[in-house]
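Below you'll find the structure, written out as structure tokens, and then a few comments.
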Amino acid sequence: MDQLPSKAQILDWIAQNPALSAKRDIARAFGIKGSAARIELKRLLREMEADGALEKRERSFAPQGALPPVSVLEITGPDAEGDLFARPLEWEGEGEPPRILFVPKKGDPAMAQGERILARLTEVEGEDHSHEARLIRRLGGAKPRILGIFRASADGGRILPIDKGEDKEWRVARDGAAGARDGELVEAEQVGPRRLGLPLARVTSRLGDPAGPRAVSLIAIHQHGIPDSFPDAVLAEAEGAGPAPMGEREDLRHLPFVTIDPVDARDRDDAVLAEPDPDPQNPGGHVVWVAIADVAHYVRPGSALDREARKRGNSTYFPDRVVPMLPDALSGDLCSLHEEVDRPCMAVRMRLSAQGEKISHRFTRGMMRSRASLNYAQVQKAQDGQPDEATAPLLETIIRPLYEAYRALKHARAVRQPLDLDLPERRIELSEDGRVLSVAFRERFDAHRLIEEFMVLANVAAAEELTRLRRPLLFRVHEEPSPDKLEALREVAEASGFTLAKGQVLKTAHLNRLLAQAEGTEFDELLNITTLRSMTQAYYHAENFGHFGLALRSYAHFTSPIRRYSDLIVHRALILAHGWGDDGLSAQDIEMLEETAKQISDTERRSMAAERDTTDRYLASWLSDRVGAEFAGRISGVQRFGLFVKLDESGADGLIPIRSVGREFFHFDPESQTLMGADTGTVLGIGQRVTVRLAEAVPLTGGLTLELLTVEDRGLPAPKRRRGRSAPRKPGRDAARAGKAKRRVLRTRR
């Protein structure tokens, strides 16, 4: 080569070949030979280094701010497709650090968020990431994180955890407080290895006043890692969307659809109507329509909206807010079936016999217009003879036919015998500043059951349609209880004076007979709750294993695509199966179906845990002013360390520590789920009526500690007294233990 390459040529070559950026590699690439030419190249590289265009890294060069070919990275977590991404631990360039995709090799260990690795990097073009990383070696596990209250001190401070499963404080050095103020809610991560004494942490995020308005749900959102802000690209896609055109859709705007939702509904994704079947071959039959918002039109496979929706999996609902799966521009507007506006929909027309059996169904992609946005109480009052201004004109033509079709579906349900649980739902009413005003049980009307039956029918039709057409989909799966859980339920039933027969293939009808025995008795709620806890947890799967609880062979979620990603997948499958457009199930959707099923099953459990923890905290907050008060309840769980009691008034669960039960030693029998007094033979077991005193309520953890006063109206010995000085109890420790154990023992299955 007669002359040296230009500085621009050198920079371009290094950018394309980051792993070959030593001086000799550059000389070889440009054909530079001989000592004189190499000296000139060395001078040129020094000039570029002095100009800031290059930085020297041991024996290689790289553009200023670029990543070296071998870097230390921190795994930041998976994206919506399940791909793992990482960030460089050291970044001196301008702007945000590069987005790095971790590409595992066969045999590589699984990586967790926060884990640090040494990796070899390769630059890529035309992707949504700039580098790909391959593992050289692991450098350490993910650092433990903690959410808690910061307490300042002269040497830095302490963090008091709010997690129910953690009661050990963390120490914070002065240079690790990040400016946190005393009493502030913070997130922190462990610093260094955990040794004797308090572990050391540094504050990574300051979250403000834990007692501030609406802080309770924010704690759960942060603690469970629920994404609560949308990336700019997602918002831009949502806000750039407009009304859907009619195109080749079926025009359903003449049909008198209505929506029926809770009075405080935040989105309306399903509409219904019913009418007598005009076919003389089906006397007394009904035609039922269910129309669902066409979210697939707006959320296209592979889009930013789609990736974020899959990542979230579902919307999460709290008493004071909702963390939606989709931005409000869609969930609250274009995808919400508001009255008297045209909305795209996916609809199914179903013909029922007079006995409520589905004779046939037909799916379509259409355009609808809701006649009215109604609520459950409003519709029920109209059916009961008290219509209001909105429902009076609809009573005979729309509302009555809905209830007539529902009566037929009730008959079919009675024949099918799905699990008939009657579980009251708590309703927490908040003031404007987020404080609990009251805790009550929501009223349930036939209007609720009507909509539920219509939705189940549509979901069954969707599963059957796609199975018939041999198209991939996500099934909603619910398997029968395990033998151990069934035996535990049988023991509770026998302890309550009822029977659940052995030696037969379990059917929901057997469980319904048990629940019917308990109906109207003092054991009614206990048997319902215990039956629910004996169930396995429902989940999503690409294969069909049936739905035990609903007594259905085939079931899928079709009716709520605004708030569940599973339903969006089913909509896309229907679009693909019927050739209704280019926004159906993509090849990548199909390839990732099993991964998607696991992802959204996990996000559903995450949301349930966050919602449950929030309810516990609100209940503890509401009861905190009543410490010392007495409450009636029932023993709902027994463990070696104490008794769980469900309070009648609020439905809250609290723990009676074993040390406060009585003077004698109590033996725990795990098989019978009882505690027996060693001296008196007193037996404490599930289902017994008790009176308790509230000893402690800790809103930050949601834990309640109780003292036992009476069992079945009989008194017990007073709590034992310890001689000598006893170690002071750490405030909130029993409540924290109560919460931790409650999650393990009393986890609700749905």
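Quick notes
- Nonlocal amide H pairs with GLY77, under 5 Å, H built at 1.01 Å: PHE85, GLY114
- Charged neighbours of LYS410, selected by a Cβ distance under 10 Å, balance to +1 (K, R count +1; D, E count -1).
- Cleavage-rule hits, trypsin sites (Lys or Arg not before Pro), the stretch 464-505, DSSP coil, Cβ neighbours within 10 Å at most 11: ARG470, LYS502
- When the C-alpha to C-alpha distance is required to be over 30 Å, the pairs from LYS168/LYS598; LYS358/LYS381; LYS7/LYS106; LYS381/LYS410; LYS410/LYS646; LYS311/LYS410 that qualify are LYS168/LYS598; LYS7/LYS106; LYS410/LYS646; LYS311/LYS410.
- For the chain, the residue among SER586, ALA265, GLN9 whose Cα projects farthest onto the positive side of the dipole built from Cβ charges is GLN9.
- For the chain, DSSP calls about 90 percent of its internal beta bridges antiparallel.
- Contour excess over end-to-end distance, with Cα ends at LYS23 and LEU423 and 0.36 nm allotted per residue: 136.6 nm
- Under 13 Å from LYS502, Cα to Cα: aspartates and glutamates that are on another chain or at least 8 residues apart: ASP484, GLU487, GLU491, GLU494
- Cα-projected label distance for LYS358 with GLU132, points at 7 Å along beta-carbon direction, nm: 4.4 nm
- Prolate/oblate/rounded label for the stretch 453-503 (Cα gyration tensor, a/c 1.5): prolate
- Förster radius 51 Å - calculated FRET efficiency between GLU664 and GLN386 (Cβ-Cβ, nearest 0.05): 0.30
- Selection of GluC sites (Glu not before Pro), the stretch 189-252, meeting DSSP coil and at most 15 other Cβ within 10 Å: GLU248
- Scanning residues 5 or more positions from ALA538 or on other chains, those with amide H under 5 Å from its amide H are ARG750, with H placed 1.01 Å from N in the peptide plane.
- Stretchable slack from ARG626 to ARG470, in nm (0.36 nm times residue separation minus alpha-carbon distance): 50.3 nm
- Each of (i) 1.09; (ii) 0.98; (iii) 1.04 is a candidate for Rg/Rh (Cα atoms, Kirkwood Rh); the one calculated from this structure is (iii).
- Cβ-derived FRET efficiency at R0 35 Å, SER431 paired with GLU519, nearest 0.05: 0.45
- Mean residue ellipticity (222 nm) of the chain, computed from DSSP H runs ≥ 4 via -39,500 (n - 2.57), nearest 500: -8500 deg cm²/dmol
- Gain in span if fully extended, ASP108 to GLN190, counting 0.36 nm per residue against the direct Cα distance: 27.0 nm
- Cα gyration tensor, the stretch 382-429 - rounded (a/c under 1.5), prolate or oblate: oblate
- In a simple Cβ point-charge model (Lys, Arg +1; Asp, Glu -1; nothing else charged), the chain has a dipole of about 3400 debye relative to its Cα centre.
- Only beta bridges with both residues in the stretch 263-403 are counted; by DSSP, about 95 percent of them are antiparallel.
- Residues ARG206 and ASP602, FRET efficiency given R0 of 41 Å [Cβ-Cβ distance, rounded to 0.05]: 0.90
- Taking the charge dipole of the stretch 151-254 about its Cα centre, with +1 at Lys and Arg Cβ atoms and -1 at Asp and Glu Cβ atoms, the residue from PRO231, VAL186, ILE219 reaching farthest to the positive side is VAL186.
- Cα gyration tensor, the stretch 421-528 - rounded (a/c under 1.5), prolate or oblate: oblate
- Loop-located trypsin sites (Lys or Arg not before Pro) in the stretch 552-643, at most 16 other Cβ atoms within 10 Å (DSSP): ARG553, ARG640
- Portion, in percent, of the accessible area of the chain that falls on carbon or sulfur, probe 1.4 Å: 48 percent
- Think of the chain as having a plus end and a minus end, set by charges on the Cβ of Lys, Arg, Asp and Glu; of ILE562, GLY247, ALA405, ILE562 sits farthest toward the positive end of this dipole.
The values are calculated or read from the model by the stated rules, or taken from the named source; none is laboratory data. These numbers were taken from a predicted model, which means no experiment stands behind them. All Cβ positions, glycine included, derive from the backbone under ideal geometry; neighbour counts span all protein chains shown. All accessible areas refer to the heavy atoms of the entire protein, side chains included, with ligands and DNA or RNA removed. Shrake-Rupley method; radii C 1.70, N 1.55, O 1.52, S 1.80 Å.
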